[in-house]
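None of the figures in this text is laboratory data; all of them are computed from the coordinates on show. Computed from a predicted model, the values in this text were never measured in an experiment. So basically every Cβ, Gly included, is an ideal-geometry build from the backbone, and we count neighbours across all protein chains shown.
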Amino acid sequence: MISAAQLRAARALLGIDQRRLAEMAGVSLPTIQRMETSQGDVRGMVGTLTRIVEALDAAGVELIGNERPSEGRGRGVRLKAPA
């Protein structure tokens, strides 16, 4: 799963806006807006989520799941678990 915070952070790392991510993933702008304003994990059609994750991956962003190691190299961001 991808969280809304991860989605916003991924865009920030790439320096792109919501419209550009929508174009890259082949989804609508309202879809990206809805996903980024959701609480916790993003919900949506599996195909839509897959296209977004693949677009971010192709652009150079690795999404790291909770309790998962990073498979790539380079800089990254990870949120700490709440205290």
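Some values worked out for this structure:
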read-out: In the stretch 30-42, the residues that are in a loop (DSSP other than H, G, I, E, B), surrounded by 13 or more Cβ atoms within 10 Å (Cβ to Cβ) and not hydrophobic (A, V, I, L, M, F, W, C); value: Ser38
read-out: Hits in the stretch 43-75 - residues which are among the β-branched types (Val, Ile, Thr) and either loosely packed, with under 10 Cβ neighbours inside 10 Å or in contact with a Pro (Cβ under 7 Å, 6 or more places away or on another chain) (or both); value: Val46
read-out: Residues that are closer than 18 Å to Ala22 by Cα and assigned to a loop (DSSP other than H, G, I, E, B), drawn from the stretch 43-71; value: Arg43, Gly44, Met45, Ala59, Gly60, Val61, Glu62, Leu63
read-out: Residue among Ala58, Ala10, Ala83 that is within 10 Å of the chain's Cα centre (by Cα) and small (Gly, Ala, Ser); value: Ala10
